[in-house]
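Report on the following structure.
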Amino acid sequence: MIESTQPRFPPVVEMRAAHRRRDASYDGVFFLGVHTTGVFCRPSCAARQALAKNIEYFRTAQEALIAGFRPCKRCRPLEVPGTHPEWALRLLARLEREPQRRLRDQDLRAMGIEPDRARRYFRQRFNMTFHSFARGFRLRGAFEQLRQGADLDEVAMTHGFESHSGFRDAFSRLVGTAPGQSRTSECVTVSWIESPVGPLVAGTTDRGVCLLEYSDRRMLETQLASVRQRLGPVLPGTHPLLDQLRGELADYFAGTRRQFTVPLEYPGTPFQVKVWNGLRQIPYGETRSYEKLAWSVGSPGAQRAVGHANGQNRIAIVIPCHRVVNKDGKLGGYGGGLWRKQLLLDLERKEQTALELAPRQVRAKG
Ligand SMILES: [Zn+2]
């Protein structure tokens, strides 16, 4: 994302110490696999602790699964979706409540939050520093006011920017345009959605959801750039359409929803839009070959171009590009990783329930 840093591991000594004291605030930040038992846990697991030499650390539950570890029956490391630790929820609520307020280290400490931990958590979970995350919130409020015609200087002051030029710089760096130019345009609100296949980055305009992408996908940066270019500045925040999407995804992963009703917005070339519309016609639980999809969108023989447009899909899962497979029935490609494609298809065929991601099965097929 903006000012993104690659998600980074805490140092091993820190993870070891967090695990030793069963620190739940590290849940979701890392997972640990125990070689002697073949089980992986969250840091707070109450089970007896293994020797340090037998422990391997993972950034995500998926990585632990892929490495062959089974989820622990006691701490259930796969059942994290949608949750942040209590302190992070408080912090997010505060950002939401007072977006104009600049939170400094001493403010965090006053809330009982260690600034280093907050920074690490935000890098890990949101792929951006806490500083730029918080600034994104402030800028979003500023952006809304500017759109409504508020005075530039006043907006800068009330949103915690000491100087006009500091505000201009921050604004244009994040938003991509100077503040004065943005009165007529609108912004794309982005948020994070936890799911059984890992965290997703979702974005929406007031007209429809325009982005849903796996947060660990390299393509994410490109997708964000394309959204920014076509639809407007990208700023973190909340939006009713994202709430709707979050709810529909939860139903989908629970196996109780076959169709999404949240409005979508997916501008593209006429060919891309034709392919994406074609994807939306593939029923839940079914698959199509690239050849057949090319044929159904009126471009027989254009399977390579169709495959390319498929890969450019910005709204994963909802525009079901995972339902396109090779002619021989093999999975073909998937930007989000083949294990995810397999999991989504299994879920739709009822061979898999979302709450019990069977790791060995995923591994054998993926
Ligand atoms: Zn455990």
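The values are calculated or read from the model by the stated rules, or taken from the named source; none is laboratory data. All of these numbers come straight from a predicted model, not from anything done at the bench. Reconstructed Cβ throughout: ideal geometry from the backbone, glycine too, with neighbour counts over all protein chains shown. For accessibility, only protein heavy atoms count, side chains too; no ligands or nucleic acids. Shrake-Rupley method; radii C 1.70, N 1.55, O 1.52, S 1.80 Å.
Counting only helices (runs of 4 or more DSSP H) wholly contained in segment 209-306, the ones carrying 1 or more residues that are under 19 Å from W192 (Cβ atoms) and in contact (Cβ under 8 Å) with a residue 24 or more places away in the chain occupy 219-231, 240-253. For segment 23-43, the candidate set comprises residues that are surrounded by fewer than 17 Cβ atoms within 10 Å (Cβ to Cβ) and within 13 Å of the ligand (Cβ to nearest atom); within that set, the residue that is modelled with the lowest pLDDT is A24.
In this structure, T36 does not satisfy being hydroxyl-bearing (S, T, Y) and touching a residue at least 24 places away in the same chain (Cβ under 8 Å). Selection of segment 45-75 for residues being open to solvent by 30 Å² or more (accessible area, probe 1.4 Å), modelled with pLDDT of 80 or more and assigned to a loop (DSSP other than H, G, I, E, B) yields A46, R48, Q49, A50, L51, R59, K73, R74. Only residues that are touching a residue at least 40 places away in the same chain (Cβ under 8 Å) and more than 13 Å from the ligand (Cβ to nearest atom) were counted across segment 44-69, and they come to 7. Out of everything in segment 82-101 that is over 23 Å from the mean Cα position of the chain (by Cα) and surrounded by 15 or more Cβ atoms within 10 Å (Cβ to Cβ), what residue ends up being modelled with the lowest pLDDT? Within segment 82-101, the match that is modelled with the lowest pLDDT is Q100.
On the stretch given as segment 300-312, residues that are over 26 Å from the mean Cα position of the chain (by Cα) and buried (at least 19 other Cβ atoms within 10 Å of the Cβ) total 2. When segment 265-299 is filtered for residues that are open to solvent by less than 40 Å² (accessible area, probe 1.4 Å) and among the polar types (S, T, N, Q), the ones remaining, listed by number, are Q272, S289, S299.
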